[in-house]
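Written below as structure tokens is the structure these notes are about.
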Amino acid sequence: MPGPVVDVHTHVVPKGWPDLAAACGGSGWPWLRVDSERAAMIMVGETEFRPVGAQCWDAGTRLADMTADGVDVQVVSPTPVFFGYDRPADQAVKVARIFNDLTLEVTAAGGDRLVPFCQVPLQDADLACAELDRCLAAGHAGVEIGNHVGDRDLDDAGIVQFLTHCATVGAPVFVHPWDMPGGPRLDRWMARWLTGMPAETHLSVLALILGGVFDRVPETLRICFAHGGGSFPFWLGRADNAWHRRGDLVRGASTAPPGSYVDRFAVDSVVFEPAALRLLVDTMGADRVLLGSDYPYPLGERPVGQVVHRADFLTDAQRAALLGGNALRFLYG
């Protein structure tokens, strides 16, 4: 019998958060313009950031969509616009607590089908570790982090401290790109999402490898990158070639070529086409690709898992692993 179908990449936007300036300090926080019972707009100042619907906050709507798509379990993670990494850490930890507690309220209505992941103030390792511990005790199963904090990538000492703590307490980590560069060439056609997100993810995977993080953190760290690992899988050969031919510049703190580390992390399956999924499986291994959808946002996959179902090169065992078995190992070890 096939196991449960588990989607590791979905997002939540609670509907009723307080005025964040009053609750957390500072100004310019996102706020929610409620347009109807089932539709709202995330606002940043007076700028419309993203329309959202009841799927973001209503467990019943979410569960109905899951059933329609044949999904048994969703990992429910924050929407990155609320991370607050660019703010003082005391403000970021307050907003994290607000959204983490509200996420538990949303997922509680789904029982075991909705698995909450928390956010942390990643700019301060001690506060991030403390908030993770609080959330794990309260019912969160893991944590979603952004792929960088300003100019600090995942090999930054404070972020490595946090990742080491995650490994120690057994918390799975889902890495989502965010805060992509803008400018005239990128502020059209959603180019920041279409090109910036894959590049950001690629860079941060390299930071873990060439920054020597995988050589320092415990092998028990369970970490997964969104969007198929960005452009990293396609360009792994280029990275290996550079490591060997320009080791004076490329090797950094790593002790082996980048291809030697693909068994240290996982990626999700949000690549949309079977040919891309085949490259992903060939590069990462069928045990390192987890079903993901980016639900409920419009650049995600619906029906969830269709690329896995369409991939005729997968064996039955590989398909079952991608649809759920790999995710269960990521979540629970």
Pair list, Cβ under 6 Å, 6 or more apart: region 224-237 residue within 11 Å of VAL271 (Cα to Cα), other residue charged (D, E, K, R)
ALA226/ASP268
Residue that is without any contact (Cβ under 8 Å) to a residue 60 or more places away in the chain, outside any helix (DSSP H, G or I), under 22 Å from GLU144 (Cα atoms) and not polar (S, T, N, Q), where the choices are PRO198, PRO181
PRO181
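So is ILE159 of a type in the set (Val, Ile, Thr), assigned to a helix (DSSP H, G or I), over 25 Å from VAL115 (Cα atoms) and modelled with pLDDT of 95 or more or not?
no
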Starting from region 296-314, keep only residues that are under 27 Å from VAL52 (Cα atoms), then list their pairs with residues that are surrounded by fewer than 17 Cβ atoms within 10 Å (Cβ to Cβ) whose Cβ atoms are within a distance under 6 Å, requiring at least 6 positions of separation or different chains.
VAL307/PHE272
Taking the conditions exactly as written (closer than 20 Å to ASP156 by Cα, surrounded by fewer than 20 Cβ atoms within 10 Å (Cβ to Cβ), modelled with pLDDT of 95 or more and hydrophobic (A, V, I, L, M, F, W, C)), does LEU203 satisfy them or not?
yes
For region 47-153, which strands (runs of 3 or more DSSP E) that fit wholly inside it have 1 or more residues that are within 15 Å of ASP7 (Cα to Cα)?
73-77, 114-118, 142-146
Assuming ASP282 fulfils every condition listed in (1) in a loop (DSSP other than H, G, I, E, B); (2) surrounded by fewer than 23 Cβ atoms within 10 Å (Cβ to Cβ) apart from one, which condition is it?
(1)
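In the set GLN74, GLN91, GLN55, GLN119, which member is farther than 28 Å from PRO303 by Cα, of a type in the set (S, T, N, Q) and crowded, with 18+ Cβ neighbours inside 10 Å?
GLN91
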The condition from (1) free of Cβ contacts under 8 Å to residues at least 40 places away in the same chain; (2) closer than 18 Å to ILE223 by Cα; (3) in contact with a Phe, Trp or Tyr (Cβ under 9 Å, 6 or more places away or on another chain) that PRO274 misses is numbered (2)
Go through (1) of a type in the set (Val, Ile, Thr); (2) surrounded by 14 or more Cβ atoms within 10 Å (Cβ to Cβ); (3) over 25 Å from ASP282 (Cβ atoms) for VAL173 and report which single condition fails.
(3)
Looking at region 252-271, is at least one residue part of a helix (DSSP H, G or I), out of contact with any Cys (no Cβ under 7 Å at 6 or more places or on another chain) and of a type in the set (A, V, I, L, M)?
yes
Yes or no: LEU299 surrounded by 14 or more Cβ atoms within 10 Å (Cβ to Cβ) and among the hydrophobic types (A, V, I, L, M, F, W, C)?
no
With the first residue restricted to region 124-143 and required to be under 16 Å from GLU105 (Cβ atoms), and the second required to be basic (Lys, Arg) and buried (at least 17 other Cβ atoms within 10 Å of the Cβ), Cβ contacts under 8 Å at 6 or more apart or on different chains are ARG134/ARG97
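The values are calculated or read from the model by the stated rules, or taken from the named source; none is laboratory data. Everything numeric here is computed off the predicted structure, so don't read it as measured data. We place every Cβ from the backbone using ideal geometry, glycine too, and count neighbours over all the protein chains shown.
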